[in-house]
Amino acid sequence: MNTQFHLVSVIIPTFNSQPYILRTLESVIAQTYTNIEVIIVDDVSEDQTIEIVKKIINNDKRFLLFPSKEKLFTAGARNKGIQLSKGKYISFLDSDDFWDVNKIKFQVEFLEKNNGAFSFTGVARTDTDGDTINILDVPEKISYKDLLKGNKICCSSVMLDAHKIKDITFDAGIKIVEDYALWLKILRIENIFAMGLNSPLTYYRVHENAKTTNKFVSARDTWNVLRKFEKLTLMQSLSSFIYYAFEGLRKKYTSKVS
């Protein structure tokens, strides 16, 4: 199947990403699907991130570096990338994650074959060195009601059809689970399914030193999304929150790779 004529926009927000950005960008450069534009939005980094980005992308005209002059945070940086994008498909990649070389190719073919608008892949959770901890399988599809039971969609694994989905905008007021809020909004408004490609094409880096704080903030923001944005009742929110807790345990205790 020849799908290389579809432009794919890859959006990478960066902030003090010096330790990991090299591997992230190398995984994009190595993609077997080459009709891409890569939009890197730097959120006022204070380390050598921009210098590393400039060196690695060199004169590759597929890459665009946008150094923000004001603080955007993750949601705002992704939104800026979306505004600058021209692709039929939009993919997100966090600056510490990386991809299998066939990630874009397989995902475009998957969406084209199934006439889909929203897809996500399986995930290999890695340690800070990039060594795989465990593999997270994903379901064949996720509905809005399914997603209320916990977020099984890794942002760095997502590909969206910008021609089919009318509003791809992250809520800048949400700091940690802004991706979860967007997935809920898309599935609710568009009345579509998110389609799972159950292959670990995305590598998600787990940072031990950030776990405790992020878990608390993530739990708080998830509750706010359910109550304030999705307008769930107290009992509905409590039910969804229990599923959220179980999903966190699933990710942590899924069998480790030997």
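Since every read-out is calculated from the coordinates, none of them should be taken as a lab result. Note that this is a predicted model, so its numbers are computed, not measured. Every residue, glycine among them, receives a Cβ derived from its backbone with ideal geometry; neighbour counts consider all protein chains shown.
Data for the structure
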item	result
Per-selection Kirkwood Rh - the stretch 144-202 (Cα, Å, 1 d.p.)	12.3
Within the stretch 8-253, percent of DSSP bridges classed antiparallel, to nearest 5	35
Counting all C-alpha pairs of the stretch 61-113, share separated by more than 13 Å (%)	70
For W223, W183, order by how many other beta-carbon atoms lie within 10 Å, fewest first	W223, W183
Under 5 Å, built H, 5+ apart or other chain: amide partners of N134	R125, V257
Alpha-carbon spread of the chain, three principal axes, descending order, Å	55, 42, 42
Those lysines that a straight Cα-Cα span of less than 18 Å connects to K215, excepting residues fewer than 8 apart in one chain	K149, K152, K175, K251, K252
Whole-angstrom Cα spans of the stretch 35-172 along principal axes, big to small	41, 36, 29
When each of K80/K113; K145/K228; K80/K166 is checked by Cα-Cα distance, pairs over 26 Å	K80/K113
Segment D129-V101, extension gain: residue separation times 0.36 nm, minus the distance between their alpha carbons	8.2 nm
